[in-house]
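Chemist: First, the structure itself, so that you have it in front of you.
None of the figures in this text is laboratory data; all of them are computed from the coordinates on show. Because the structure is predicted, anything quoted here is derived from the model rather than measured.
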Amino acid sequence: MNAGTDAPLTPAVLHILLALSTEERHGYGIMKQAERESQGKVKMGPGTLYGSIGRMLDAGLIRESDTRPDPDLDDERRIYYAITGAGRRALEVELERYREVVAVAADKKLARNAFADAV
């Protein structure tokens, strides 16, 4: 994963960046936010989540945060993550890619169940 390319993001990376786009979160918070935002369709296990986080840290898409919530409300062992400028740019590029695909589908007048009878 290279923060300087326009390569498509994996679904896990996309959902992690979306979860971090509005606030810093710890791993479990990222997992729960991705699940909420996808209406339960995206469920990342710890291996997928932390493997993706490690690669994203290496690529400069996210960073560990120095900010901590109220210590009385949080476990000090949690590591919080924040999106970086490179991560925001990667997210913007990916969202534009999705918009272009949706526009092509709209131009073709493809409906949600357009292929239901094609079998």
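Chemist: Taking the alpha-carbon distance from residue 32 and a cut-off under 20 Å, which lysines remain once sequence neighbours fewer than 8 residues away in the same chain are dropped?
Modeler: 41, 43
Chemist: Suppose we look only past 14 Å in the calculated P(r) of the stretch 1-54. What percent of the Cα-Cα pairs does that tail hold? Walk me through the numbers on the way to the answer.
Modeler: On the way: 711 of 1431 pairs.
So the portion of pairs separated by more than 14 Å is 50 percent.
Chemist: For the stretch 11-107, count all C-alpha to C-alpha pairs, find those more than 18 Å apart, and express that count as a whole percent of the total.
Modeler: Value for the stretch 11-107 (Cα pairs over 18 Å): 49 percent.
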